[in-house]
Amino acid sequence: MINDPKLLNLLEQVVEGKLPGFEPVFAPRADGWVSYPAVEEFLGVDTAYACRLLEDLVHLGYLSRNFFARMLFCPVCNSHNLAWTIVCPKCNSPNIQRTRFLRHRLCNWSAPEKDFLHSSGTRLCPKCRSELLLLGNDYDDIGYRYLCLDCREVTRAPVEFWRCPVCNRLYDRYAVREVMLYKYVLEPSQVPKLRLEKIPRAKVREILQREGYAVQESTRIIGKSGAEHTVDMLATKMQGPLEHRVLVSFACGNPLVDAEEIIKLYARAYDVGVQDVILIATPGLTADADEIAQHYRIRVYNADAVDRLTLAVEPRF
Ligand SMILES: [Zn+2]
Ligand SMILES: [Zn+2]
Ligand SMILES: [Zn+2]
């Protein structure tokens, strides 16, 4: 569970559709290439921290990392306004033109499409002078080739370069630097969980603190049995010589919180030794679970209704 309220606020922006996810910006620096301005600004953290945080959220299952863009840039000056440049493989001239070629089946002659056009509007083979009649029957469209206008070389594979307009260097395909940019999006399955964590947690904490309780969150407690429990929230307050302890648990059902969850919660509460147990359940409990919760006097609130949460005056558990 995420405890940092600022981080939960940030994720809430995504849950509520105010942010589409976390998109990268190409920003070369000493220790990386990418930054996530939305995260950095929202949390007031630096780029390296934001990148690590996003990766951590992937490992925790909150976010997934999706392809965003491939970035090509100059290995010398980091400019990414590179211009794709091609030259003739025979004479190195950049004066080459992409041209559609036709082939006449009878004489097997291929040439640029315009070479077949006759002033009469018909198509004549420039080699054997026969008229071309039906595409796919007596002649074929063989697609694009590059034609060098200086040496007439025809090629499908011109020599390719990337030119950096800033430092005017040329790079071949593998010399140009490449980096993949990823965006982080929320795992849809985490949305109900985040809703559960964010709003109710803050409200419950507020209510407890208002009532004078000290609140510990996601805390580890050794129970009477010696077993260690991680509890979502433990609130304590001295009432005279006695300490009143409230255990608050947050559960997200799939689709409903079931009886097993309630039994486990009861066992944990019993072992930890608290006077009051509150369960914030999203979206609610199964009928069985509800019955057991009543039996164990566990007070259940829907995540949307934590405003109604009241604290037992008398120890009731
Ligand atoms: Zn050429
Ligand atoms: Zn011909
Ligand atoms: Zn450059």
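The values are calculated or read from the model by the stated rules, or taken from the named source; none is laboratory data. Quick caveat: nothing in here was measured; it's all calculated off a predicted structure. Glycine also receives a Cβ, built like all others from the backbone with ideal geometry; neighbour counts cover every protein chain displayed.
Restricting Glu113, Glu153, Glu131 to residues that are under 30 Å from Tyr174 (Cβ atoms) and more than 16 Å from ligand 3 (Cβ to nearest atom) narrows the list to Glu153. The set of residues in the stretch 97-145 being in contact with an Asp or Glu (Cβ under 8 Å, 6 or more places away or on another chain) and within 16 Å of ligand 1 (Cβ to nearest atom) consists of Thr99 alone.
The C-beta contact set for the stretch 73-97 (first residue without any contact (Cβ under 8 Å) to a residue 12 or more places away in the chain, second residue outside any loop (DSSP other than H, G, I, E, B) and within 15 Å of ligand 1 (Cβ to nearest atom), distance under 8 angstrom, 6+ apart or interchain) comprises Pro94/Thr85; Pro94/Ile86; Pro94/Val87. Where strands (runs of 3 or more DSSP E) fall wholly inside the stretch 219-317, the ranges with 2 or more residues that are of a type in the set (A, V, I, L, M) and either surrounded by 20 or more Cβ atoms within 10 Å (Cβ to Cβ) or in contact (Cβ under 8 Å) with a residue 24 or more places away in the chain (or both) are 228-239, 242-252, 276-282. Helices (runs of 4 or more DSSP H) fully within the stretch 1-93 that include at least 1 residues being modelled with pLDDT of 90 or more and among the hydroxyl-bearing types (Ser, Thr, Tyr): 47-59.
Being under 21 Å from Met180 (Cβ atoms) and out of contact with any His (no Cβ under 9 Å at 6 or more places or on another chain) is true for just one of Glu113, Glu23. Which residue is that?
Details: Glu113 fails: under 21 Å from Met180 (Cβ atoms).
Of the residues listed, the single one that is under 21 Å from Met180 (Cβ atoms) and out of contact with any His (no Cβ under 9 Å at 6 or more places or on another chain) is Glu23.
Every test in (1) closer than 30 Å to Trp33 by Cα; (2) within 16 Å of ligand 2 (Cβ to nearest atom) is passed by Ala69 save one, and that test is (2). Only a single criterion out of (1) farther than 18 Å from Leu149 by Cβ; (2) exposed (fewer than 14 other Cβ atoms within 10 Å of the Cβ); (3) touching a helix residue (DSSP H, G or I) at 6+ places or on another chain (Cβ under 6 Å) is not satisfied by Leu102, namely (2).
If you go through the stretch 156-190 and pick out every residue that is exposed (fewer than 15 other Cβ atoms within 10 Å of the Cβ) and either among the β-branched types (Val, Ile, Thr) or away from ligand 3 (no atom under 15 Å from the Cβ) (or both), you end up with 9. Would the stretch 39-51 turn up any residue that is in contact (Cβ under 8 Å) with a residue 12 or more places away in the chain, charged (D, E, K, R) and either surrounded by 14 or more Cβ atoms within 10 Å (Cβ to Cβ) or under 30 Å from Arg145 (Cβ atoms) (or both)? No, that holds for no residue.
Cβ-Cβ contacts under 8 Å between residues 6 or more apart (or on different chains), taken from a first residue in the stretch 109-129 that is farther than 17 Å from Glu153 by Cα and not assigned by TED's automatic domain parsing to the domain that holds Arg98 to a second residue that is of a type in the set (Phe, Trp, Tyr) and more than 8 Å from ligand 2 (Cβ to nearest atom), are absent.
Among the residues of the stretch 28-38, those that are in contact (Cβ under 8 Å) with a residue 12 or more places away in the chain and of a type in the set (A, V, I, L, M) comprise Val34, Ala38.
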